[in-house]
Amino acid sequence: MTAMHSRGAERLLGVAGSPHLLLVEDDPGDAFLFEELLTEAQPGVRITVATTLAEALDALRHDIQCIIVDLSLPDADGLDALHQMHAHAPSIAVLVLTGLADAHVGVEAVAAGAQDYLVKQDVDGALLTRAISYAIERKRADESERQLVEARALSRENARLERGLLPVPILRDTTLRHHTRYRPQATSC
């Protein structure tokens, strides 16, 4: 693979350097195929494989950018695995990669917070790489939006508090003019 193609693949995954993924898959054959597909399309990718939900929760690290989870695990079935991954790693993108070719389950998975729903039989390296890249970027955008909403709420609350600290004039004389303003004082510790 040329250096230019490798850099393009790094950009495709939306991260500089070597992306780190967590694959939660109990079938060793499917895990092997997933790793082969992905390392062929993205040679620098790091993949941690967990065969159960409990293993996956123990394997969560700050450098993992995307979790790929199967919906049929020995210790979690259906969307339970997805819900638990979100509860323990709300800031990490989660993709569902499963053998269930059920559009209804796919819609439920995305509604429950999955960034995408992929059927194992329909996935190739390019599709998988693109889905992971988009999932990471969508999660970043969601996190940015959440932070913006929190900042706006805090700003509104600060403005409300500032207005509450302004004095209310008790003079009713219209010949007098006054201006009130709030200037926070810097305190030194």
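The values are calculated or read from the model by the stated rules, or taken from the named source; none is laboratory data. None of the values given here were measured: they were computed from a predicted structure. Note that we place each Cβ from the backbone using ideal geometry, even for glycine, and neighbour counts take in every protein chain shown.
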Open item on the list: Among the residues of segment 77-101, what is the count of those that are buried (at least 17 other Cβ atoms within 10 Å of the Cβ), of a type in the set (Gly, Ala, Ser) and outside any strand (DSSP E or B)?
Closed with: 2
Open item on the list: Just checking, does segment 117-131 include any residue being surrounded by fewer than 21 Cβ atoms within 10 Å (Cβ to Cβ), assigned to a strand (DSSP E or B) and out of contact with any helix residue (DSSP H, G or I) (no Cβ under 7 Å at 6 or more places or on another chain)?
Closed with: yes
Task: Within segment 31-53, considering residues that are among the small types (Gly, Ala, Ser) and surrounded by 16 or more Cβ atoms within 10 Å (Cβ to Cβ), the one modelled with the highest pLDDT - done: Ala50
Open item on the list: Checking Ala56 against (1) surrounded by 15 or more Cβ atoms within 10 Å (Cβ to Cβ); (2) outside any loop (DSSP other than H, G, I, E, B); (3) out of contact with any His (no Cβ under 9 Å at 6 or more places or on another chain): exactly one of these is not met. Which one?
Closed with: (3)
- [ ] Tell me which of these Ile170 doesn't satisfy, since it passes every other one: (1) under 30 Å from Ala81 (Cα atoms); (2) of a type in the set (A, V, I, L, M, F, W, C); (3) part of a loop (DSSP other than H, G, I, E, B).
- [x] (1)
Task: Long-range neighbours under 8 Å by Cβ, at least six apart or interchain, first residue free of Cβ contacts under 8 Å to residues at least 60 places away in the same chain and outside any helix (DSSP H, G or I) within segment 152-166, second surrounded by 10 or more Cβ atoms within 10 Å (Cβ to Cβ) and among the aromatic types (Phe, Trp, Tyr) - done: Leu166/Tyr182
